[in-house]
Amino acid sequence: MIKGIFCHDLPIYKDIDGNYCSTTLTDSLFLRYFNVVDELVVATRVYKIDKTYKEAHQEKITLPNIKFLEFPNLNTFKGIFTLIPKAKKVLKKEMQKVDLVFIRGGIIATLGVTVARELNKPYLLENAGCAWDGYWNHSLAGKLIAPFMEYRAKIDTRDAAFVIYVTEKWLQNRYPTKGISTYASNVILDTMDDIILNKRQQKNNLNKSDLIVVGTTAAINNKAKGQQYFIEAMSKLKKYNIRYELVGSGDSNYLRSCALKNGVADRVVFKGQMKHQQVLEWIDSLDIYIQPSMQEGLPRALIEAMSRACPAIGSSTGGIPELLPSDAIFKRGNVDSLIKTFKTIIESDLDAKAKVNFNKAKEYELEKLNSRRNVVYEQFKNYIINE
């Protein structure tokens, strides 16, 4: 019986009936670990919600042999200075019982590496983004710990026995490792059908006077996701009839105030959180997808938009330039650069852009990614068993 632990900082929700649920940490994601473990402990933040998972538009986690080790938010001043010692004890007690240690981003993951070292346990690290950008753009507390978390990300990646990067080159250059490594995005794409491309190309006969629907899917309470930059750009793109639709959870007050300030409140629509299939259907209704992030690894949302053959533009951060052609990239946080890129795409051959994006997304089909990922998982398991 092989046991594993997965240490991550992305929150999972516990609904009013006690069901664990998420739109990101789902059965589909956890299944990959069950290729090499029989039981899995998930150590992450858990937030309680006063509604059912269906009412909250979440996906229920139903896999057997999965246990949740619940932690509060450690990304606060209280968490940093008072909660971490207790969290470390809880994590250490659980990690002593497992064989395989999987580490993926955030302060709980960093704590997991610390405990793994103390227990002399090799670990597999999944490097999904730039630690500095993630913390520096998060909050005041984030700025406080950004230098430490960047240092730890470099050391923890360097010393990992195995590493899976979500980018092909960018993160590898920033966080090199002495261990065995490969690359595989966290996106989950089924085999793509050319019918998707054909439908998109039928939609792309866009007249410049038409309503242009632009969308982003990301947390709306995280300034690092950059939606505010396109909202500002809209006020300077008056010749275009733009509606900006935002899918994602969180407090919308900041972005609503940005829309009011820039005189575009009537053209910014908050769609709330959606299940995965609903997101794909929504992407099909868009004319342009935008990823205006200040910080990313390799954004799954952008890959999903490309898999629907949606023309897209994105910022110059993280692995985004690995996904999109150079004329679809704008300087992160730079509204003038964003405007220039938006105009370039709108005035270009959208059918050609759709085809380029669709073909690029095929590189991230689940079967192809799983093949690379599973080789490393199997090597990791054999390394631990034969140690």
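Cβ crowding within 10 Å ranks Glu55, Glu126, Glu94 as Glu55, Glu94, Glu126, fewest other Cβ atoms first. Along the chain, the longest continuous region that contains none of the trypsin sites (Lys or Arg not before Pro) in a DSSP loop with at most 15 other C-beta atoms within 10 Å is 98-168. A full extension of the chain between Lys236 and Thr24 corresponds to an added length of 72.9 nm, given 0.36 nm per residue minus the alpha carbon distance.
Once the C-beta distance of Lys154 and Gln202 is scaled by a Förster radius of 51 Å, the resulting FRET efficiency is 0.60 to the nearest 0.05.
Within the chain, the proportion of C-alpha pairs whose separation exceeds 39 Å stands at 16%. Report, in listed order, any pair from Lys331/Lys362; Lys89/Lys362; Lys3/Lys368 with a Cα-Cα distance greater than 32 Å. Going by Cα-Cα distance, Lys89/Lys362 fall outside the 32 Å limit.
Fewest-first ordering of Ile290, Ile345 by other beta carbons within 10 Å of each residue's beta carbon gives Ile345, Ile290. Across the cross-link table entries Lys143/Lys261; Lys54/Lys275; Lys199/Lys353; Lys203/Lys353, which are compared at the Cα atoms, the separations over 20 Å belong to Lys143/Lys261. Give, to the nearest whole percent, the P(r) tail of region 194-363 beyond 30 angstrom, counting all Cα pairs. Everything past 30 Å amounts to 7 percent.
Bear in mind that the values in this text are calculations on the coordinates, not laboratory data. As the structure is a computational prediction, the values presented were derived from the model and not from experiment. Heads up, the Cβs are rebuilt from the backbone with ideal geometry, glycines too, and the neighbour counts pull from every protein chain shown.
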